[in-house]
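One structure is given below, encoded as structure tokens.
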Amino acid sequence: MRKNRLTGNATEASTAKSGAGVKVHNSITLDPTTPIPLEKFGTFSLTLDGKRYIPFLEPNDNFFQILLEAKLLSPTNLACINSKTQYCIGDGWYLQDAKEDKALNDFAKNLNKKGQTLNDILRAVFDNLHTAGNCFIDVVRVKVGSSKYIKVYVKQFTDCRLSMPMDADDIPASIIYSKRFRGVGVWNMKGDDFVELPIYTGSKSDTWFKDQSGNEHICIFLKNEVSGYDYYGMPSNVASLPQQILEYKAARYNLDNFDNNLVVGGLIILQGNLTQEEANKLGKNIIMQHSGDGKRGRYVILSSENGIENTKVVPFERQEKGDFIEYDKHLSEKIIASNNWDPLLAGFSDGSGRLGNGGNAFIRSIYDIKQNTVIKPTQNYVIEKFLTPLFQICDDWMGTKFSSHQVGIKSKSPISFLGDIAINAIVTKDEARQEFGMQPLTNGHGNDIVQDAIKTTASPGQNV
């Protein structure tokens with residue numbers, strides 16, 4: 001048994017063998033008085049050896065779990081976050097100055113013991129920012145003999161908390177990392193239960209945490225700044241958190257109706273001198289004549305002594321078109337809007353016919369808007385706050401020159417421009433013949449552009 005993150009209620013989870021799945025029973029609720037908790041200064045959890053941290057958020061310190069579970073249970077929010085992450089990572093990082101750097105390419109191929117590449121790390125960073133509004137990146141300095149390496153890990157945000165500010169500037173100087181934060185009410189942790197990692201500031205006076213293996217750690221902390229929250233960031237979709245949970249509840253309601261439908265299809269009253277066994281037998285024959293396979297909507301059979309000629313069938317009203325269909329549509333619209341996203345980019349159709357009316361040009365205009373308002377600003381933030389400091393750390397530790405490069409992240413449009421280009425203007429005769437399974441020309445004109453050849457052979461005055 002474990003505590004449900006969103007309710008504090010007990011949750012059962014059991015895993016069976018032979019490919020059986022995990023069985024989870026949970027119920028999602030938000031505090032009706034404060035559905036989105038506020039960040040307050042002054043209430044800090046205390047460990048045995050005096051370490052104090054800022055909860056996220058009060059009063060239960062479980063808002064990270066709420067955001068994660070709401071994302072996983074809301075199809076619309078999950079689609080928005082996944083598509084935003086995909087568009088932000090695009091085709092990955094590249095050097096804008098077009099210079100090859102073999103050392104940087106080799107470094108980017110394997111950043112940690114998990115075998116993650118730099119693009120894998122960037123994808124995780126974007127996903128963390130879109131999901132929770134915070135990202136905690138562990139940068140490790142490793143020395144083996146005379147060789148030096150930099151390793152990078154994106155920490156699970158549910159396991160991280162900011163430490164209590166100790167200076168007059170009211171700025172946390174470190175994060176406290178522990179898997180015990182996944183529980184409810186973390187108090188009295190022992191020294192072995194957590195690790196405190198200094199936060200990177202770019203100063204030469206930054207301290208590094210040294211682990212038992214002699215490796216040195218520091219944390220690059222990224223957050224989506226939101227007014228009213230001094231310490232932690234918040235995801236852009238936090239305003240639709242109630243809608244994300246309601247979207248799950250609507251689906252859960254219909255699932256419960258399918259699995260545990262206590263509403264019967266109707267009532268058959270047999271008025272005659274029948275025992276209940278005889279009534280059941282006769283009722284079974286009636287039901288089999290008027291219903292198909294399955295157990296949904298079965299009729300209840302009752303008998304009476306007032307005469308079989310007065311048999312009555314009392315049907316019960318049922319919802320034929322499903323529940324919450326329109327309501328679910330409105331929820332989806334609000335979730336997409338809170339993500340500052342568009343349904344077409346998330347893989348949805350809004351039913352307005354916009355795609356059919358505008359075609360590729362319309363999709364491109366939507367993408368251009370989101371490219372300038374969502375994708376590019378997020379990419380620039382990650383480059384400035386993560387890639388630039390990371391490359392500087394590499395230069396200082398390994399003697400590289402990574403920070404001398406102008407690094408960018410290559411965006412990827414949802415559509416190509418091929419549909420807007422006249423194919424004859426870019427294809428040679430041999431390329432066209434190859435598409436039709438024909439042999440290349442042997443007259444020396446196989447490399448001629450098709451359109452040029454058409455213009456050359458057209459008769460005077462012919463419209464080509």
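At a glance:
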quantity	calculated
Extension gain from ASN340 to GLU216, taking 0.36 nm per residue of separation minus the Cα-Cα distance	40.8 nm
Cα gyration tensor shape for segment 73-193, rounded if a/c is under 1.5, else prolate or oblate	oblate
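Since every read-out is calculated from the coordinates, none of them should be taken as a lab result. Values in this document were obtained by computation on a predicted structure and should not be read as measured data.
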